[in-house]
Structures are given as C-alpha cells and as structure tokens.
1. Would you please list the contacts, defined by Cβ atoms under 6 Å and residues six or more apart or on different chains, that run from a residue in region 97-115 that is part of a helix (DSSP H, G or I) to a residue that is loosely packed, with under 14 Cβ neighbours inside 10 Å and at pLDDT below 95?
2. Mind listing just one residue for me: the one in region 317-359 that is part of a helix (DSSP H, G or I) and of a type in the set (Lys, Arg) and, of those, farthest from residue 91 (Cα to Cα)?
3. Might you let me know whether region 204-216 holds any residue that is closer than 28 Å to residue 290 by Cβ, surrounded by fewer than 18 Cβ atoms within 10 Å (Cβ to Cβ) and touching an Asp or Glu at 6+ places or on another chain (Cβ under 7 Å)?
4. Go through region 53-95 residue by residue and tally those that are surrounded by 15 or more Cβ atoms within 10 Å (Cβ to Cβ), over 30 Å from residue 27 (Cβ atoms) and either among the aliphatic types (A, V, I, L, M) or in contact with a helix residue (DSSP H, G or I) (Cβ under 7 Å, 6 or more places away or on another chain) (or both).
5. For region 78-94, name all the residues that are under 16 Å from residue 108 (Cα atoms), not in a loop (DSSP other than H, G, I, E, B) and not small (Gly, Ala, Ser).
6. Inside region 248-273, can you point out the residues that are within 21 Å of residue 197 (Cβ to Cβ), at pLDDT 80 or above and outside any helix (DSSP H, G or I)?
7. Mind counting the residues in region 123-147 that are in a helix (DSSP H, G or I), touching a helix residue (DSSP H, G or I) at 6+ places or on another chain (Cβ under 8 Å) and within 23 Å of residue 64 (Cβ to Cβ)?
8. So which residues in region 335-353 are over 24 Å from residue 106 (Cβ atoms), among the hydrophobic types (A, V, I, L, M, F, W, C) and surrounded by 15 or more Cβ atoms within 10 Å (Cβ to Cβ)?
Amino acid sequence: MSTTLFLYIFVAAVMLYITTRFWLAHRQIRHVKAHRGAVPARFADRISLAAHQKAADYTIAKTELNIKEELFSTAVLIVLTLHGGIQWIANALRPHLDGLPYQLSLVVAVMVLSSILSLPFSLYRQFRLEERFGFNKMTLRLFFVDLIKGALLGALIGLPLLAAVLWLMAAAGQWWWFYAWLLWMGFNLLILVLYPTVIAPLFNKFEPLSDDNLKSRIDTLLNRCGFKAKGVFVMDGSKRSAHGNAYFTGFGAAKRIVFFDTLLSRLSPDEIEAVLAHELGHFKHRHIIKRIALTFVISLAGLALLGWLAGQTWFYQGLGVEPSLSERNDGLALILFFFVLPVFTFLLSPLESLASRKHEFEADAFAAEQTRADDLVNALVKLYEDNASTLTPDPLHSAFYDSHPPAALRIAKLDARTPHSQRLDFGKLGPQPA
C-alpha cells in the first residue's frame, strides 16, 4: 500500500468516525428531549415526572460533554499524527536516549501527554456535571489522591509490562507478537486474581456484610446456584458517588461479591437477592470466561496485525511520522497502532453491544428462575431512578453504546416471565423512599 493511499484511508476513517459519533449524539439528544415531557406508560405509576426529567437532563448533559470530549480527542489525534506531534516528541528524545530506554520513554511521554490533555474533562465531569445532578460525593483532594495512586500503580505494573513487550519486539524475531500475546494473557489473569485483595483496597474500603439475615439469604442462594466465593463485601461507594451497583470480582478461588453501600441502603432484601441472582446468571452461563476468551482472541488478532504493520513504512508515513532507518521503531508502532485503532473499529461497536445484551437477557432469565422476576423488576426500576438512567434512549445510539438493554425492553421480557397474578402493581406500591 502506498503512503498516500493509507493517508487518504485514515483521513476518511477519521471523518466517518467523528461524523457518526456526532450524528448518534444528536439523535440521542433529540430523542430524549422529545420524550422528556411524559413518563413512559410502563413506568408511569412508578417513576415520577421529576425523576424522569432529571434522567433526561442528565443523559443530555452527558451526551453533550461526551461529544465535546470526542471532538477534542480527535483534534489531539490529528495534531499528534498528521501535524507532527509524535514526530516532535520522538525528535526531542532521540538525541538523549537510544535502545529500549528511548522506546519506553517515547511511549510513556505520549501517554502522559494524552492523560494531561484529558484531565480537564475528567474534572468537569466529576465536579460540575455529576455535582449538578447530585451524584458527586468526591472531594478535590480525593480526586487527585486517586489520580496519583492510579499513576503510581500504573507505573509499578504497567512499565515492566511495556518494557517486556518492547524487548520482545526487538529480540524475539518475527513471532514477537505471539510471545507478547502470551505475556499479555498471563498479565491479565494475574490482575484478575490480584485485583480484589491487592488493587481494589488501595482505592476503597471493603467490609464483610454485617447483616446476618441478608448474609444467610445470600449464602442459601449461592449454595443453590453452586457458586463459591471468598466472601460478600460492602464497598464504600458513597465516598465518591451516589450511584449504586453490585458486581463480582476476581477469578477462580479469589472470587468475591461486592455491593455498593448505596445499593444496600436502597433495595429490600428480596430485591438484593434478585440483583445477586442476576450476577450469578453471568457466572452460571460462563459469560465472564467467554468474554475473557473473546478478548484474548481479539488481542491475538490485533497483535498479529501490529506485527505486520510495524514493518510497513507507509504505516508510519501515512500517519505523519518518519520512521528511523538506523534504529528500531517499536515505540512508534505501538503508539500509532493503539491511537488509530478506535477510529477503524468503531463501526463494530454494535456487535459488542449485541453480545453483551444477549448475556444480560440470559442473566435476567436466570434470576427470574432463582428468585421472583418482579423483585428484579422492582430493583431495576429503583436503580434506573437512582442512577438517573433514561428510560427513553434513542434505539440506534443505544445499539452502539449501551452494554445493557433499554429499560422498557428489559422489563417487558421479565414481565413476560411473571404470571399475571404475581406481577407488581406499581400504582399500589407507590414511590419508594430514597
């Protein structure tokens, strides 16, 4: 392929990428605004108009910020590639370093610059947008403490991995990408094991569930589903946000169940059990293992592609970088590949969302078999309300971005699994206390 042809392909891909994202954002904003005036009929007796409108306004605000950030990020991409930003950094470092130190420093310098440029958006999102809608519980000090901890942790575990990959690129011959893939797999599996007990506690406190009655119910459900865990823990999520959640973490014998304290304060024991049953559905259907396996397959294909592109002069020149003829260009290859990859793969996003939604439906179905479907419905409705999740997303925008099915479709499927005589009458239940 010629340099000019690849340049045209890249520019066309960037234009398609940003145009599509802008179009999808416009659709989302327009659709949510159009349905802001009335609660959908299925939720009319359960969600107040004020809560529905808050969710609409929150969704619109997030979407507007996301597209601004995406426009800025795309501009940064163009400046770093076609306008010579990466080339300038490489030229500044080359006289002072060579070999592996040069390659490592080049990648780190570009990563740090990208992180600094994105910092204002993170600050605005946390302290303006989330604050405006009542979700932010984080102080500015805690924000920067988390940032520093994350940077130090990234350096501690990320730099050795990056150095190892760069060394393999230089020393392992044409099959370096396969050995790098084996290293990447081992690293990810190790992180899955270490995350619950070593990494996560650096940022949050995890206390064993103290409610004996609830713990007994959970143990019964776990035994019934054949799930073994290291324990059930409550995380101080309210320290940072008012959003609620629950999740499994860890791998193999290190698995543990984590509830946000904000979630436990909002849901009844029946609803908590139903939410947990949903998460157990992911375990029962081996969704986590399937996702890990798919990630490894995709990463193998990606590294194989990188292994080929790293030897193509047009790949560098088409992205505004002049590769060295006397030294290796491994750092440049890594930077350019991972910078432009999202541009070329964005249109595949609906496939990922479709697979994720299929898993969510399967987990819902499992929860409906192990507990009462109406308990899960009630829990989901509370979570939609508490997290200000819009009940009326644009279908196409949702297909691209949302890993979970739209609320109306998800609850309709659960209602279909509940005998009519057992279905919740939202009108009789009335709004739940916060």
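1. The qualifying pairs are 105/97.
2. Of all residues in region 317-359, those part of a helix (DSSP H, G or I) come to 317, 330-359.
Among the residues that remain, those that are also of a type in the set (Lys, Arg) are: 357-358.
Details: 357: 46, 358: 48 Å.
Top of the filtered list is 358.
3. yes
4. Counting residues in region 53-95 that are surrounded by 15 or more Cβ atoms within 10 Å (Cβ to Cβ), over 30 Å from residue 27 (Cβ atoms) and either among the aliphatic types (A, V, I, L, M) or in contact with a helix residue (DSSP H, G or I) (Cβ under 7 Å, 6 or more places away or on another chain) (or both) gives 5.
5. Scanning region 78-94 gives 80, 86, 87, 88, 89, 91, 93.
6. Selection gives 256, 257, 258, 259, 260.
7. 8
8. Listed by number, the list holds a single entry, 346.
The values are calculated or read from the model by the stated rules, or taken from the named source; none is laboratory data. Everything numeric here is computed off the predicted structure, so don't read it as measured data. Note that each Cβ is placed from the backbone with ideal geometry, even for glycine, and that neighbours are counted across all protein chains shown.
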